[in-house]
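Step one of this worksheet: look at the structure below.
The values are calculated or read from the model by the stated rules, or taken from the named source; none is laboratory data. This one's a predicted model, so the numbers in the text were calculated from it and none came from an experiment. Here the Cβ positions follow ideal geometry from the backbone for every residue, glycine too, while neighbour counts run over all protein chains shown. Only protein heavy atoms, including side chains, enter the accessible area calculation; ligands, DNA and RNA are left aside. Shrake-Rupley method; radii C 1.70, N 1.55, O 1.52, S 1.80 Å.
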Amino acid sequence: MRDKPNIVVLGTGGTIAGRGASHANTAAYACSVLTIDEVLAVLPQAHALANLRTEQLLQTGSENFNNEHLLLIGKRVSDMLEDADVDGVVLTHGTDTIEETAYFLHLTLKSVKPVVVVGSMRPPSAMSSDASLNLYEAICVAGHPASRGRGVLVVSNDEIHTARDVVKTNSFKLEAFGSPYGPLGYVVEGQPRYYRTTSRDHTVMTPWSIDRIESLPKVDIVYAYGALDEQAIVTFLGNTDGLVYAGTGNGNVAEHLVGALRRAARDGVQVVRASRTGSGVVVRDGAQPDSDYGWIVVDDQVPQKARILLMLAMSGEPKERDALQAAFHRY
Ligand code: ASP
């Protein structure tokens, strides 16, 4: 039995590693300039929580992350989790796409050890920065036995979210993250306090292991509005493996776009009918005859995370559409 948990903190950049010219700079600052060791240097309290080991994995804003970054991060986190000396991992990350990386890890890591992804909305140099407290709370959560087996978690603003549900919902406030069904719990006085679990399968319960994935199919997103030209869809044909259509309302498709999306499905592109509303369920064979058209519906996932799930569902052996549809109702 160790006196403190052994936690690895992996740095990838973002605002949590940013620096502004003045304390008042909460939006104009240089992103991804502090190393993970420099970020931790102003947080000596963290060493009382855990034995910390650090590694600088990347140093860039998360808006730059592509599928190769996801694979690189996933494989490195997986290596760390396999080490018997490691009890949990904290990944510092830009907030812009934190939900995508966290969801990718949630579906592909094969471990019950806690993995916490954390960022901040204000750089450490700003007034009332959330960088140190978010990182401190992420380490508390990663080192606590109650966090085991819950899948990948995102800690922000005293809240613990499941990677499945969390979405960045605000572009500048400290209260920038939300989950449509609420957080799993809070961090209270340096202790995680959980109130619920996610009922959808994750980590050790999924068929996808990051250790076996070497590449991902190409999946793109089309954002809908009434004046959207069908050319926006046609451009992707022959150029992508899957298309998430972020439709209006309940995944509605304007009449003049139905043909292009049907053609996409006939050409072998997997079409997922999603919603741009940010929450709620898209009903299969509701507003559109999905079964006739060979389309998939997203269930309740937001388009940017539906892209992650579709890439994984399509990876490996070719799958029947029914199997892809089933994935959206299971994960
Ligand atoms: N552009 C930054 C990023 O996502 C913003 C942030 O970290 O809040 O990396």
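Taking loop as defined by DSSP and a crowding limit of 11 other beta carbons within 10 Å, which chymotrypsin sites (Phe, Trp or Tyr not before Pro) in region 181-250 fit?
The qualifying sites are 195, 225.
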For this session: For the pairs 4/168; 113/168; 110/305; 168/319, note any where the Cα-Cα span goes beyond 28 Å.
Result: 4/168; 168/319
For this session: State the percentage of accessible surface on region 1-146 attributable to carbon and sulfur atoms; use a 1.4 Å probe and exclude ligands, DNA and RNA.
Result: 53 percent
Problem set entry | Size of electric dipole in region 62-195: Cβ of Lys, Arg +1 and of Asp, Glu -1, about Cα centre, debye, nearest 20 | 220 debye
Problem set entry | HN-Hα J in Hz across region 190-202 - Karplus 6.51, -1.76, 1.60, θ = phi - 60°, x for Gly and Pro | x, 10, x, 10, 9, 10, 7, 10, 7, 8, 8, 5, 7
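Leaving out ligands, DNA and RNA, what percent of the accessible area of region 164-231 is carbon and sulfur, probe 1.4 Å?
Its accessible area is 50 percent carbon and sulfur atoms.
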Exercise. Rounded to the nearest 500 deg cm²/dmol, what is the calculated helix-only ellipticity per residue at 222 nm for the chain, with -39500 (n - 2.57) per DSSP H run of length n ≥ 4?
Worked result: -8000 deg cm²/dmol
Problem set entry | Table column - 3J(HN,Hα) (Hz), region 93-101, Karplus curve with 6.51, -1.76, 1.60, x for Gly and Pro | 7, x, 7, 4, 10, 4, 5, 6, 5
Exercise. Where does the chain land on the Kirkwood hydrodynamic radius, alpha-carbon pairs, in angstrom?
Worked result: 20.4 Å
Seminar exercise, completed: For region 1-64, the dipole about the Cα centre with charges only on Cβ (Lys and Arg +1, Asp and Glu -1), to the nearest 20 debye, works out at 140 debye
Exercise. Any idea of the accessible area per residue across the chain, 1.4 Å probe, to the nearest Å²?
Worked result: 42 Å²
Problem set entry | Beta bridges by DSSP in the chain, antiparallel share as percent, to the nearest 5 | 35 percent
Problem set entry | Cα centroid separation - region 304-321 against region 88-159, whole Å | 25 Å
Seminar exercise, completed: Of all DSSP beta bridges having both residues in region 218-277, the percent classed as antiparallel (nearest 5) is 10 percent
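Placing +1 at every Lys and Arg Cβ and -1 at every Asp and Glu Cβ, with all other atoms neutral, what dipole size does the chain have around its Cα centre, in debye to the nearest 20?
Numbers: 30 positive and 38 negative charges, 66 e Å.
Once rounded to the nearest 20, the dipole reads 320 debye.
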Seminar exercise, completed: Farthest towards the positive end of the dipole of the chain, among 251, 67, 29 and with Cβ unit charges of +1 on Lys and Arg and -1 on Asp and Glu, lies the Cα of 251
Exercise. Ordered by residue, what ³J(HN,Hα) values in Hz, to whole numbers, does region 148-155 give under the Karplus form 6.51 cos²θ - 1.76 cosθ + 1.60, where θ = phi - 60° and Gly and Pro are x?
Worked result: 5, x, 9, x, 6, 10, 10, 10
Exercise. Of all DSSP beta bridges located in region 102-218, what percent are antiparallel, nearest 5?
Worked result: 80 percent
For this session: For region 209-261, state which GluC sites (Glu not before Pro) are in a DSSP loop and have at most 10 other beta carbons lying within 10 Å of their beta carbon.
Result: 214
For this session: Enumerate the amide H contacts of residue 221 below 5 Å, restricted to partners 5 or more residues apart or on another chain; note that Pro and chain-start residues carry no placed amide H.
Result: 244
